[in-house]
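Following: one structure in structure tokens, then a few remarks.
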Amino acid sequence: MSTTTQEKQAKERNTKLLREVGLIGLMWASMGSIIGSGWLFGPQEALIAAGPAAIISWVIGGIAIVVLALVHAELGGMYPVSGGTARFPHYAFGGVAGASFGWFAWLNAATVAPIEVSAMLTYAGHYDFAKDWIDPETAVLSTTGIIVAVILMAILTAINFLGVKRLATTNSAATWWKIAIPLLTILVLAIANFDSTNLTAADGFNPNGLKGIFAAVSTGGIIFSYLGFEQADQLAGESRNPKRDVPFAIIGSVLLGTILYILLQIVFLFALPKSAIGDSWDQVGDGLYTTFTGPFAEIATLLSIGWLAAIIYADAIISPGGTGLIYTTGSSRLAYGLARNGYVPGIFEWTNKRSVPWAGLIAAFVTGCICFLPFPSWQSLVGLITSASVLMYGGAPLSLGAFRRRLPDAERPYRLPGAAVLSPLAFIIANLIILWTGWDTIWKLGVTILIGYAILVGNRVLGLNSHKPTLDWRAASWLIPYLLGMGVIVYISDFGPQGDAAPIPFGWDALVVAAWSLFVYYWAMAVALPTEKIEEMIGEVELPEEGMEPVAH
């Protein structure tokens, strides 16, 4: 082969990422992902599920996400690699666990963008030209709606091809707007109508009891709204100073997001005119808030604040669009990380002249378009993505626990206090959210897991990646029992198909999940890879072309 041909091939198969993202870029990548369609719909959905007690649901969800974020902050500072959430379990438990949690992470990232696009189209229904894009009764996209959705997905993908530096700049500018509009909405609605008697309106403060409060956390869109802090981990391989900036970006974005969402729920509840509240919080009828397609904008309209409604309708394009943009970025970096570890075809590791992993972007675009077909509405997608997300997040506390045991003296720019308690607690929290999501969503997630395994096996059998990770079956011996066990528990719980007649009644199901989580956690700790193997795997991944700085062992 001639030198020219070799040089051309090397250029085509470039796998280098550029470290061009600063602290603000990382912080706003996480914050911009947290503030998306969740603020536009989450307070309405949570109020329907739990009544005014949804405020408690937001606090519970915020605490849960803070614990999970603290775990990610230590991991991201230790190993600032691109697509981090897909790679931490790989280091701690080897190929089988790494491939599985990598798939969970990618599934989450690649399917958030279509949720955001769906939210954009839902709010756009306010305008006459967009009224036929979504059926107001079923929230199903029409043929025209699907075409528009695909075009929007194409735009989000195209912007990502400009390079990470321009992407970070674009996202940062959008995020300033995305934070300002919810804050403006909180201020204006609180001044216009702050009726605290709404706390006991309709069928009371807590009509559905604890079950409603916990169901709102998962299926009411609360956890979904909080998702996104891990984007700093996904972009860590392109950060200028990752060991300092990644932990700060993760923790800072979660704290800001939690405060903002709790305030939004309070204002949404208290600003509702009495005429928009029925005899029960979940009552459906003409003029009631449960039928609002643009909840905050329609409240502003009812309160005769037309200018605020106009701003919110505009934000309904910018805010979800910005979140979809950064999640498209994250999905391509996760695919890059999976390819680096050898789990998916090597083409996903290739980058273009702007050092963008282009194959991952195309895969995210295609996957997003497919999602519009079986899951066309915002609410129907939320449950599935929440489950995939917490499965992804469940890999982080397991990895942190293993690193604390196997690498106690490794450099930790941010060291999580009380990790011996918070790591298993974070794993329990992730599994409780899976429980609260319910069987109707869990079985669909099970199907997507099987599809992922088929892809991973096909890549291995067909030899589509030159990296050949060892599978380390013993280190992942807990994984399949864990997944099957969670499926069985959800099925026979109060959140399963039998409802109140389930073998495990409400309350006890949470205790069963906690006990099962602890059993799996300590099983995983016992069989995690030995210190030497973990250090060897980390050393193999930190290649010069990824720009990694040496990590102290």
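Couple of notes before you dig in:
- Rounded to the nearest 0.05, the FRET efficiency derived from the C-beta distance between Val366 and Asp135 at R0 = 30 Å is 0.75.
- Solvent-accessible surface (1.4 angstrom probe) belonging to Arg412, in square angstrom, nearest 10: 30 Å²
- Label-to-label distance for Arg166 and Ile451 is 3.2 nm, based on points extended 7 Å past Cα in the beta-carbon direction.
- Distance between modelled label sites at Val284 and Thr197, nm, 7 Å Cα→Cβ extension: 3.0 nm
- Per-residue SASA remark: Ser142, around 30 Å² accessible (1.4 Å probe; ligands, DNA and RNA not included).
- Among the chymotrypsin sites (Phe, Trp or Tyr not before Pro) in the range 498-539, those located in a DSSP loop and surrounded by at most 16 other Cβ atoms within 10 Å of their own Cβ are Phe506.
- Chain lengthening between Ser275 and Val488 when straightened (0.36 nm per residue, less Cα-Cα): 72.3 nm
- Modelled FRET efficiency - R0 25 Å, Val150 with Trp177, Cβ distances, 0.05 increments: 0.50
The values are calculated or read from the model by the stated rules, or taken from the named source; none is laboratory data. Keep in mind it's a predicted model, so treat the numbers as computed, not measured. Note: ideal-geometry Cβ built from the backbone for every residue, glycine included; neighbour counts use all protein chains shown. Please note that ligands, DNA and RNA were not included when accessible areas were found on the heavy atoms of the full protein model with its side chains. Shrake-Rupley method; radii C 1.70, N 1.55, O 1.52, S 1.80 Å.
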